[in-house]
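Here is the structure we will look at, set down as structure tokens.
The values are calculated or read from the model by the stated rules, or taken from the named source; none is laboratory data. Just so it is clear, the structure is predicted and the values come from calculations on it, not from any experiment. We place every Cβ from the backbone using ideal geometry, glycine too, and count neighbours over all the protein chains shown. For the accessible areas, the whole protein counts, side chains as well, though only heavy atoms, and no ligand, DNA or RNA atoms are used. Shrake-Rupley method; radii C 1.70, N 1.55, O 1.52, S 1.80 Å.
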Amino acid sequence: MTALTMPGRPAHDARLRPVPWRRMAWVTWRQHRAALGGVAAFLSAFAVYLWLTGLQMHHAEAAYCHPAGSVGCAINFTGRYGETAIIVSIALQAVPALIGAFAGAPVLARELETGTFRYAWTQGIGRLRWTVGKLVPLAVAVTAVAGAFTVLIAWYNQPWVAAGYVTPFSARVFDLLGVAFAAWTLAAFAIGVLAGMLIRRAVPAIAATLAAYAGLAFATALWLREHYITPLVTHNPNLPGSAWIISHWYTGRNGKPLSQAAISQILQAYHHATNKIGPNTFQTFLNAVGYLTQHGYTFWVSYQPGSRFWPFQWIEGGWLLALSVLLIAATVWLVRRRAA
């Protein structure tokens, strides 16, 4: 019997059996273990630094910041660790962007750039299973690591909260606490994989991921976040320290808002009459507000109370999760439509 006369195999035997998800997860780990290991090593080194400096700050706050406004607290706690804490906060803000750029953008871009995706699609995995098998385990991994890292960040910032220098709504800590840090990390990863699919080259995709993430983060901090819940309005200037002040203004006797030029002119007359220019302290501010109130002007302030911290966290985490799912779904759709 020759090859020409051999009976053909049944059609169902010729079809490749789908690769099990367990094997696809193993392949994903083998392909991306270097990137995941780099993320783990980077965060581990950062965690050790936060732990060591955090211990020092906890001891300094306990020793010198009771009461919080004492001279010893200002010199031995704020003066010694204030600049370091600000630099650390800035560095932590960049962590999700770096994870998205260097762990998310190359996931698909590298294979599309080198052409190895064509081989993967012929091995019984298919486009959909290939994409989902890559993205879902990696997305879960980076989000879980970021969520665990949030616990350490909260502990690191606790001395500043106790001393009254950091409020829950502070711009430099809000998206590092609660569920926001993990949600931002997942969103950065989703932005990265979509950029990699669209651009199909690793280095330009990394740059696009950093730019897109920065734009989203700045827009959220500067405009979007304050509109999650309608702010409260009061004419009491003495708000709790945990409140997030959105804006403040004065109204005249006719109830209409005063311009900044008019307010400055009135306060100049106040300082000239009372000779109370003095330092720019909160008490000086209260005195000026009292003077304006006595002359028929009303001070108004819109703010978010500190009790809304967790509602804000869940709102931000929720829309970032929805955005991430949408971006990953768009990536899968583009992969399925792409011509081999």
Being open to solvent by 30 Å² or more (accessible area, probe 1.4 Å) and in a helix (DSSP H, G or I) is the filter here; which residues of segment 148-174 pass it?
A148, V151, L152, A154, W155, Q158, V161, A162
Go through the residues of segment 208-221 one by one and say whether even a single one is in contact with a strand residue (DSSP E or B) (Cβ under 6 Å, 6 or more places away or on another chain), assigned to a helix (DSSP H, G or I) and either over 30 Å from T331 (Cβ atoms) or not aromatic (F, W, Y) (or both).
no
Residues that are closer than 30 Å to Q268 by Cα and surrounded by 15 or more Cβ atoms within 10 Å (Cβ to Cβ), drawn from segment 291-334
Y291, L292, Y297, T298, F299, W300, V301, S302, Y303
When the residues of segment 95-144 are narrowed to those that are touching a Ser or Thr at 6+ places or on another chain (Cβ under 7 Å) and under 18 Å from V179 (Cα atoms), which ends up modelled with the lowest pLDDT?
V142
Just checking, which of P237, P231 is under 30 Å from G306 (Cα atoms), touching a Leu at 6+ places or on another chain (Cβ under 9 Å), touching a residue at least 12 places away in the same chain (Cβ under 8 Å) and surrounded by fewer than 20 Cβ atoms within 10 Å (Cβ to Cβ)?
P237
Report, by residue number, each residue of segment 50-65 that is in contact (Cβ under 8 Å) with a residue 24 or more places away in the chain and either under 19 Å from V151 (Cα atoms) or not in a helix (DSSP H, G or I) (or both).
L50, W51, T53, G54, Q56, M57, H58, C65
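Taking only segment 64-78 into account, find how many residues are of a type outside the set (S, T, Y) and open to solvent by less than 60 Å² (accessible area, probe 1.4 Å).
7
Can A188 be described as surrounded by 22 or more Cβ atoms within 10 Å (Cβ to Cβ) and of a type in the set (G, A, S)?
Considered against the rule, which asks whether it is surrounded by 22 or more Cβ atoms within 10 Å (Cβ to Cβ) and of a type in the set (G, A, S), A188 comes out as yes.
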Does segment 66-75 contain any residue that is part of a helix (DSSP H, G or I) and within 24 Å of the chain's Cα centre (by Cα)?
no
Go through segment 85-99 and count every residue that is crowded, with 21+ Cβ neighbours inside 10 Å and under 14 Å from F218 (Cα atoms).
2
